[in-house]
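One structure below.
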Amino acid sequence: MNDPLPDFTLEHPQTVDAALALLRDAPGARICAGGTDLIVNMRRGLVEAQTLVDISRIASLKIVEETADGLRIGAGVSLRELAESPAIAATYTALSQAARVVAGPTHREAATLGGNLCLDTRCFYYNQSHWWRKSNDFCLKYRGDICHVAPKGNRCRAAFCGDLAPALMVLGGVVDIAGPGGIRQLAVDALYREDGAEYLTIDKDEILLAVTLPPSDAPSGYEKIRVRRAIDFPLAGVAVACAREDNGARAFRMAITGTNSRPVRVEMEAALGPDDDPDAYFATLGKLVQKTVSPQRTTTIAPHYRRLSVAAVAVRLARGLL
Ligand SMILES: Cc1cc2nc3c(=O)[nH]c(=O)nc-3n(C[C@H](O)[C@H](O)[C@H](O)COP(=O)(O)OP(=O)(O)OC[C@H]3O[C@@H](n4cnc5c(N)ncnc54)[C@H](O)[C@@H]3O)c2cc1C
Ligand code: SF4
């Protein structure tokens, strides 16, 4: 059964300052970029917004430019542009590969970098129609009192499923955020917290402006596990970058999406040294991935399967970068 889209006022600011003023003053204001996550959630009654602040006409958010700190990509750049850019594919391969596997081609045309970083967390008991959720007495994330996934817990376990965040994390991405207090910067890691209901550390009256990626010569990649090979959100997605150190050792950076309420970093203690046994190293890495992730019953696919398969994909991807 389809729920109707509720009424709202649509504003089209042309500058970041005008958008910030609307977020401050307009009743029930919410940023809309490509709308591919937000509008679906509004229709399902998961988001209440009286005013949508459409930021797609703000030209400064669509700029990709080389700066002294690296490549600065505006939050309004579409996923299609990210996926098709030869420069991004050559230097920041993980980002290019992640953008290519988000949703389908029509979504990627409208969907933006900023929207992908801020998209809502997902759960089988949450991404349902209003009547379905009502018949289950709703849940902790929205309107209800208990979590159907972890009834004894006191927080929502919905999974963050954005494909781009782990890629940007291993590439050292830093976000610029504009808000009532001016502009501040955060590492992409620091955008998130492990809470499915309060998963972002930025406020609703702030706008993510851009992500800057430092120069890099480390090969990188992204791979995701999903039920179908198109459209689907990741059951788990892995990004890896592999830097060569002066002594010939390989230092891996790895981050994972789809398994926790935030994208998680896999904290490796040591690089793979030139005299180390790669089989032993990657066996340890696989176990570390299994320990790091925390998949829950938020999809129809069993958590144990997701834990084992994400470890296998992580090891395969890391080995492929040697
Ligand atoms: C069928 C389907 C399949 C999908 N599959 C995938 C998938 O495989 N992988 C995946 O990652 N996503 C997937 N998505 C989700 C979505 O399409 C993408 O994540 C997309 O990148 C969201 O970007 P958007 O610009 O459309 O965001 P919007 O829907 O416009 O916004 C999403 C959220 O981010 C906030 N926001 C947007 N821009 C900013 C900004 N600059 N600053 C602060 N807040 C902001 C909005 O207020 C909203 O809360 C899918 C969606 C659908 C409908
Ligand atoms: S994890 Fe629990 S609280 Fe969160 S959306 Fe799912 S059922 Fe609701």
Restricting to the stretch 66-113, name every residue that is among the β-branched types (Val, Ile, Thr) and without any contact (Cβ under 8 Å) to a residue 60 or more places away in the chain. VAL77, ILE88, THR106
Counting just the residues of the stretch 287-315 that are touching a Leu at 6+ places or on another chain (Cβ under 9 Å) and part of a helix (DSSP H, G or I), which one comes out farthest from CYS147 (Cα to Cα)? VAL315
Using the structure shown, decide if PRO166 is more than 19 Å from ARG44 (Cα to Cα), more than 16 Å from ligand 1 (Cβ to nearest atom) and of a type outside the set (A, V, I, L, M). no
Step by step: first the residues of the stretch 189-248, then only those that are of a type in the set (Ser, Thr, Tyr) and under 29 Å from PRO13 (Cα atoms), then the one that is surrounded by the fewest Cβ atoms within 10 Å (Cβ to Cβ). Which residue is that? THR201
Surrounded by fewer than 22 Cβ atoms within 10 Å (Cβ to Cβ) and among the polar types (S, T, N, Q): which single residue out of SER96, SER85 fits that description? SER85
Hey, does the stretch 231-253 have a residue that's in contact (Cβ under 8 Å) with a residue 12 or more places away in the chain, assigned by TED's automatic domain parsing to the domain that holds GLY273, of a type in the set (Lys, Arg) and out of contact with any helix residue (DSSP H, G or I) (no Cβ under 8 Å at 6 or more places or on another chain)? yes
Within the group PRO166, PRO180, which residue is in contact (Cβ under 8 Å) with a residue 24 or more places away in the chain and crowded, with 22+ Cβ neighbours inside 10 Å? PRO166
When ALA159 is run through (1) at pLDDT below 95; (2) touching a strand residue (DSSP E or B) at 6+ places or on another chain (Cβ under 8 Å); (3) not hydroxyl-bearing (Ser, Thr, Tyr), the failure sits at (1)
What do you reckon, is LEU164 of a type in the set (A, V, I, L, M, F, W, C) and more than 24 Å from ALA243 (Cα to Cα)? no
Among the residues that make up the stretch 277-290, is at least one of them surrounded by 23 or more Cβ atoms within 10 Å (Cβ to Cβ), within 17 Å of the chain's Cα centre (by Cα) and in contact (Cβ under 8 Å) with a residue 24 or more places away in the chain? no
For CYS156, are the conditions met, namely being over 20 Å from ILE31 (Cβ atoms), of a type outside the set (A, V, I, L, M) and not in a strand (DSSP E or B)? yes
If only one of GLY172, GLY182, GLY248 is farther than 19 Å from VAL266 by Cα and touching a Pro at 6+ places or on another chain (Cβ under 6 Å), which one is it? GLY248
Is it true that ARG253 is surrounded by 13 or more Cβ atoms within 10 Å (Cβ to Cβ), among the basic types (Lys, Arg) and either within 30 Å of ALA18 (Cα to Cα) or more than 16 Å from ligand 2 (Cβ to nearest atom) (or both)? yes
Residues that are under 16 Å from the mean Cα position of the chain (by Cα), part of a helix (DSSP H, G or I) and without any contact (Cβ under 8 Å) to a residue 40 or more places away in the chain: does the stretch 128-138 have at least one? no
Could you check how many residues of the stretch 127-153 are more than 14 Å from ligand 1 (Cβ to nearest atom) and touching a Leu at 6+ places or on another chain (Cβ under 8 Å)? 2
Take THR259 and decide whether it is in a loop (DSSP other than H, G, I, E, B), crowded, with 17+ Cβ neighbours inside 10 Å and in contact with a helix residue (DSSP H, G or I) (Cβ under 9 Å, 6 or more places away or on another chain). yes
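The values are calculated or read from the model by the stated rules, or taken from the named source; none is laboratory data. Please read these numbers as outputs of a predicted model, since none were measured by experiment. Neighbour counts run over all protein chains shown; Cβ positions are idealised from the backbone, glycine included.
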